[in-house]
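Please treat every number below as a calculation from the coordinates, not as lab data. The structure displayed is predicted, hence computed values, not measured ones. Here Cβ is always computed from backbone atoms with ideal geometry, including for glycine, and neighbour counts include all displayed protein chains.
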Amino acid sequence: YTYGQPVQGNAQINVCQQHFYSPRCEQNQKKTCEAVTGLLGKDGCLNTVISIKKFQLYRSYARMYASLKIESIITENGTGIQMKDYDYVSVNQENDQVLFKNMDPYYKRGIPYYGEITVTNMDGEPIANKTVLLELNEEYLANYTTNKNGTAAFSIDTSNFFDPRFKLTVNDCADFVWGIHKEPQASFFVRRFYSRTNSFLKIEPVTEKLSCGQQQTINVHYVLNREGYSNTMYTNFYYVVMTKGKIALSGQKQVNISSASRGTFSITLTVTEKLAPSARLLLYTVHPHGEIVADSSSIESDVCFKNKSSALRMDFRDRKSADVAGIMRTAANSYCALRAIQSILLHSGRELSAENVYYQLGARDLYGYYYNGLNLEDNKPEECTPTKTIFFDGLYFEPVNVSRDGDVYSIFRDMGLKVFTNSALRKPVLCSEEKSDMEDYPHHYGDSMNAKASGKRSFILLIGGSRESTVRKFFPETWIWDLIHTDSRGEVNVIYTIPDTITEWKASAFCVQNDVGFGITPPVSLTAFQPFFVDLTLPYSVIRGEKFNLIANVFNYLNKCIQISAILAKSSDYKAEILSPAGNTARVCANERKTYIWAVSPYKLGKFGCTVWIATFTYCLTLLNYHDFVIIFYTFLSLPDRFFAIEQPEGIKKELTQSSLVCAKGMKISEPVSLSLPRNLVQGSARAYFSVIGDIWGTALRNLDNLLHMPYGCGEQNMALFTPNIYALDYLNKTGQLTEEIRLRGTGYLSTGYQKQLSYKHRDGSYSSFGRRDREGSVWLTAFVYKSFAQAKRYIYIDDDVQSQTLIWLASKQKSDGCFENAGSHFNNALKGGEEAEYSLTAYVVAALLEAGQSAAQPVIQSGMNCLETAFSKGVHNLYNQALFAYAYGLAGEEKRRQFFLEKLDETAVRDGGSVHWQRENKPPVEHFSDFYSRAPSAEIEMTSYVLLALLNRTKLTPEDLSYISRIVYWLIKQQNPYGGFSSSQDTVVALQALAQYGYLTFSKRSLNTVEVHFTESPSKIFQVNDKNRFLLQQASLPTIPGNYSVEVNGTGCVYLQTTLRYNIHLPKQVAGFSLSIRTANASCTSNYPSKFDLVLFASYTGKRNVSNMAIIDVKMLSGFVPVQSSLKKLQDQNSVVDRVDTKNNHILFYLQKVSQKEISFSFSVEQSLPVSDIKPVPVHIYDYYETDEYALSEYNTPCSPPSS
């Protein structure tokens, strides 16, 4: 389990042969598999032997082109919850793996050649006491035995070596047979290092990884030709340490060379942030005969920071309490970010560490002379050595080709160092030499080049399955996410209350400080645990008429046996029957558990609570100091909401809203409220309530994190969450209502949204709906983001470099005529305006730049205005464009142009019952309801909001203007949903911006209203609304549906009224704009395993446009079923029609960039996680995100059980 205790259950292991290649005659054969089952022991493990005889691994191709896939399925006792894991075992002929390690590619005559041989098994584990045979040029050299680390060190005397190269080979002594040639297990070629004076330096390599602050002594061997030194007793050796492409350290060492021409000395280096994590040490001296003698070596260490955040401790203050004390030590006056999250959520390699922070900085070591695309290699010497034969002392001599020898020049070159010297660096070049200076074959070859192969493997299953989400879904996954300051000693003590989750927590912190910069602590672990507890398992929800099993697992990790009794309390909300064969009473011993199962049939729709009582009779005194017995009770009402049972009505959920802004002004105003229900109503599903709040922004302010109750998984939708926070903070600030609590909440949402939006950013500074998954950025979305970030800068940090890059990209998309090219996708293609699409986009970008604070004289804006003037001269006929032009011209200070478009818009305004709004000529049909206003499509709301903004931006407003504006606001308010948003994302952003401006234009602090709701058969409900409670949401349920009510408002000022009706209807047959069908496939319905099948969805667009906007397919899961995560991941590949997949509660949301008239299809898998009987069908819904009245519905059920009656 996530808290470390073993799981009890059954295991099935299946081993199958995976063929990467097989002969043609066998290509159509079925997979070869071997299966075994068994029980997990008390330690949660199963060890078993599986025969591999049937895999025929004695056949050569079977060994070369195959691996074994091992899949394990664990079924938890009692609950039946399953979890799967798999691993691969490669097939290899060798038992052990022998490799050369820490080998120098060159030998230096007179200095011993050092190297290491390592022997590991096929799992990479070292093998000790293994004897290996080392050969030099295929002649026996010596036997070596490995130490406990599987390593054997060797050295070779090179005093008499003159050959251009020598070959080292190594074999396992156990496999060696005299007189029989066998391929060596590892080979390595060593070449000669050139020196004119026969002088050499050799730095002993530092093989281990050093820690921060460690002092390391580095030994150096030298051989110096005494010629030229005469009577010199001392010479200087110079060293340079390079890291991150810079010289970090330099120094010199004086060495006495009077006694011998060869010897050793040492230098000491301390690992600091300047040298970590990878440094190159260069050591050199200048021989009196004009040659540089040098060597280099790498030094690896941990990542070090100057800010040494070295210590973090998390301890329980008191074992009887849930408080944890955290103690941290770092640099004085540091600003630290402390976090603690569940360890099971940490992905290997992805958690914050010193290494991944360091490598984000982009600093790299230099190598070679290629830099920024330039070849800075020195020219080769023009003079070459003639290939001339000479006669000396009775023998003929000829120069030897040394082109493949190492030389000092290559040492400097490999470090990226340029040398200015008149000393010799290079080896000589023969005039007849034509071959390359580069190696034409590697230093080593053979089996040592193979990737590490796996023999015997083990894997760990952490049982979770549905349990994983049950444990964590409503308990915090993130426990601590805090900012703290250290004192002048660099210390801080904090106290936190540990959550109820029984799991292991991992805590870490990073700090910044002005003088010493960044530092990070190693992670620490803390396990929250209870020795005796109850765990409840049940599905997320069920549909009326279904039955589910409520499973209670009682865990005993005490050191004694306990007699327990479990009782599920009776309730009128459900019927329950115990299924456990032993009844209510059982004995649970140490490290055991007991499972109780009840079959539950709910009666009540919505959430209902159950109470499980667990009574113990033997272990009492030390547990809670009760003398006779202790009763530990778990009730759903005291646990997270996940442990409420939720019964949902069948069918499709509908939500209707009727909103109004009523300004009494000393008069009594009455409004009727009528509630009626459709014929295809799901009985018992109707709910209604009346709400009143004292501020025009009140409802939106309460729901800033969820204004739409729609998916928010793409870049534009994220901005719809981000931007309203700016308008809310602006409105409250200007009206003097901004409290510290609201400011912190608003800026918190802004900071989160800002970071998330950066994930949709392209490298060129643009933004798109799905980030780098999209081919290019969207001009429209990029302008929207740029404007919003500029406005948010009043409240949170926004990176100026990011904004500058975005502005440059936008400017690059402006054509010579000032218009912007329509790059990327548009949020709503219904608003493109046909031939005027380019002009509407330009008007939007110009308006966005002006709202961002750019001057109207800015060249990009000036050119954009020229484009708008061109459009004006041609005539702007599209209503949306007219509204957008009016707003853009107003922001630019062009009053005449704004007035021109406002007058044109007034001619086409729709006036209805004291309200004013605008609508498209060919708008899609909307659903009509007898008592509620039909909510307008997104496009109508947005264009009406732009007209309202154009009017509100005037310098002076007459009473007639305010009257006209209030009629627009009256219509706009009626379109609001119960959460303060509107129909979709973009109309919500623009409408809330307009309402914020209207709100602080008409704001009054002197308001006192009485709102009275008259019921037919019960007393009236009275609400008092004043300045002190203007943001308090007051509600009353409307008990009689259908029914008639009336609302009276009396007082001064304005109040916001809203009636909401929710109900379910049976699946309607009509569709509007889409075609959708769904079928099941590949069903697996065996009794031994949970049901599993594929869902195949088919969709096409049937509306009036060529293609839809972004579409969402919402697939509800059957009760007790969950999606197979691996099948969802495959859908997000580049070639899939699906752009994104989100999971929310028991719904799977698929994002499609667009849907055309050509049918598309995709599939994914679902499996049963918990038993539910009499399963009911569930709906699948496709809809246009921006034209939500275009939709289609379908439904499906499991193929593994007969349809429910």
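The table below lists the values:
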| quantity | calculated |
| --- | --- |
| Peptide ranges 743-751, 1156-1164, 1103-1111 listed from the most packed, as the mean C-beta count within 10 angstrom indicates | 1103-1111, 743-751, 1156-1164 |
| Gyration tensor (alpha-carbon) shape descriptor, the range 1101-1149, a/c threshold 1.5 | oblate |
| Using alpha-carbon coordinates, inclination of helix 740-758 to the longest axis of the chain, degrees | 50 |
| Ranking of His877, His1014 by count of other Cβ atoms within 10 Å, fewest first | His877, His1014 |
| Restraint check, Lys108/Lys274; Lys761/Lys1130; Lys793/Lys1130, Cα-Cα greater than 27 Å | Lys108/Lys274; Lys793/Lys1130 |
| Karplus-derived 3J(HN,Hα), 6.51/-1.76/1.60, for each residue of the range 939-949, Hz, glycine and proline x | 4, 5, 5, 5, 5, 5, 5, 5, 4, 4, 5 |
| Ser1161-Lys54 FRET efficiency (beta carbon distance; Förster radius 41 Å; 0.05 resolution) | 0.60 |
| Partners for Lys1021 among lysines (Cα-Cα distance below 27 Å; same-chain residues under 8 apart left out) | Lys604, Lys607, Lys654, Lys665, Lys668, Lys974, Lys1005 |
| Sorted by Cβ density within 10 Å, fewest first, the residues Ser766, Ser685 | Ser685, Ser766 |
| Summed side-chain charge close to Arg1062 - residues other than Arg1062 whose Cβ falls under 13 Å, Lys, Arg +1, Asp, Glu -1 | +2 |
| Candidate lysines for bridging to Lys31, where Cα separation is under 19 Å - those fewer than 8 sequence places away on the same chain excluded | Lys53, Lys54, Lys69 |
| On Cα atoms only, tilt of 879-891 relative to the major axis of the chain in degrees | 70 |
| Helix 800-812 axis, angle to the chain major axis (alpha carbon atoms, nearest 10°) | 80 |
| Signed unit charges on C-beta, dipole axis of the chain, positive-most listed residue Pro499, Phe770, Ala792 | Pro499 |
| Over 23 Å between alpha carbons, listed pairs Lys101/Lys306; Lys506/Lys560; Lys787/Lys815; Lys167/Lys202 | Lys101/Lys306; Lys506/Lys560 |
| Approximate spin-label separation Thr1102-Asp500, in nm, with each point projected 7 Å along Cα-to-Cβ | 4.9 |
| Size of electric dipole in the chain: Cβ of Lys, Arg +1 and of Asp, Glu -1, about Cα centre, debye, nearest 20 | 1800 |
| FRET efficiency estimate (nearest 0.05) - Cβ-Cβ, Asp764 to Asn14, R0 45 angstrom | 0.40 |
| Residues with amide H under 5 Å from that of Tyr574, placed H, sequence gap 5 or more | Tyr603 |
| Residue-averaged 222 nm ellipticity for the chain, from DSSP H runs of 4+ at -39500 (n - 2.57), nearest 500 | -5500 deg cm²/dmol |
| Aspartates and glutamates whose Cα lies under 16 Å from that of Lys1069, excluding same-chain neighbours fewer than 8 positions away | Glu650, Glu927, Asp1189, Glu1190, Glu1195 |
| Net dipole in debye of the range 1067-1196 [+1 Lys, Arg Cβ; -1 Asp, Glu Cβ; about Cα centre; nearest 20] | 140 |
| Neighbour-count ranking [beta-carbon atoms within 10 angstrom, fewest first] of Glu1190, Glu851 | Glu851, Glu1190 |
